[in-house]
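In what follows, a structure is listed as structure tokens, so that the remarks can point back to it.
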Amino acid sequence: MKLLFENWREFLMVETADWVSSLEHAYEILSAHGEKEVPEGDVAAAKKAFYAIATKYHPDRGGAKETLWKYHQAVEAWDVIDSAVKGNPKPSKWFAPKSFGSSATTSSGSRPTKEDAWKAAGASGGEMKKSIQNIINLAQQSIDEKRSIRREGVMDHRTNDVVIPGADYINLKRLLSDSNWQRIREEYFGAEGFLQAFSQILGDIPFSAFEKTTDWYGSDSTKPVEKELKKLESFIIVLQRGLPQNETPI
């Protein structure tokens, strides 16, 4: 066991926390993944729990790929406790933000679900979901009616566009950048795809997935621009992906 775990800190090179939000939280993680409750402040019990968890979930000891996250959480938790005991506690900036859905486990010891994360957001989550659902509906309306879409405040003289209300746009920006929404943004929406979709569709000019054409007889028609239509459809998919399944608009 010593050979496997004596250099665990060098192995992972943890510079900032991905999971642990406080010293108290570190004990909670070891309690959740171990076989016994680890009282806060009981370093001996925490160390014993860490070695038991690491032995059980370490990939070189037969730990499954699906449960590797428990090993990483335990390593991070013990790093916090061990550093505090040795008189070198982690600075506040090292810890993971106490974002919505950031708890390492639920009461049953399993990883939080998407529903758990949104529930933890409380009233703010309800407001955010409402804005996301409204934006999804408006984006779909833009496709169905073959109209451009833009956010309120951008070229407001264009009266035929589908318009995203300013309040909904601000909420979406909060989801994109506010540290409180980090877990939900990264785990359920996919941070990179979310940022790309957001910047493409709700930029500083109206977005259109259609173009008007005129035939030889002077008749106007509107047809989709496939590349742009896929961007708009991807935007909808990204937003739907992050919502709880039972609340995703049809």
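The values are calculated or read from the model by the stated rules, or taken from the named source; none is laboratory data. Worth saying up front: this structure is predicted, and the values here are computed from it rather than measured. Cβ placement follows ideal geometry from the backbone for every residue including glycine, while neighbour counts extend to all protein chains displayed.
For segment 5-16, the condition holds for no residue, the condition being that it is modelled with pLDDT of 75 or more and of a type outside the set (G, A, S). Contact map, segment 35-58: residues that are closer than 16 Å to V85 by Cα and in the same structural domain as Y71 (by TED's automatic domain parsing) paired with residues that are among the hydrophobic types (A, V, I, L, M, F, W, C) and surrounded by fewer than 17 Cβ atoms within 10 Å (Cβ to Cβ), Cβ distance under 7 Å, separation 6+ or inter-chain. Pairs shown: V43/V85. Residues that are modelled with pLDDT of 85 or more and surrounded by fewer than 18 Cβ atoms within 10 Å (Cβ to Cβ) within segment 25-44 comprise P39, E40, G41, D42, V43, A44, listed in sequence order.
Taking the listed residues K114, K119, the one that is in contact (Cβ under 8 Å) with a residue 24 or more places away in the chain and out of contact with any Gly (no Cβ under 6 Å at 6 or more places or on another chain) is K114, with no other qualifying. Check off (1) more than 30 Å from W118 (Cα to Cα); (2) modelled with pLDDT under 80 for L68 and give me the number that stays unchecked. With (1) more than 30 Å from W118 (Cα to Cα); (2) modelled with pLDDT under 80 applied to L68, the lone miss is (1). A search for C-beta distances below 7 Å between a residue of segment 72-93 that is over 15 Å from S31 (Cβ atoms) and any residue that is among the charged types (D, E, K, R), counting only pairs 6+ apart in sequence or on different chains, returns D79/R9; S83/K90.
Just so you know, in segment 122-179 the residues that are of a type in the set (A, V, I, L, M, F, W, C) and over 25 Å from K223 (Cβ atoms) include one that is surrounded by the fewest Cβ atoms within 10 Å (Cβ to Cβ), and it is A123.
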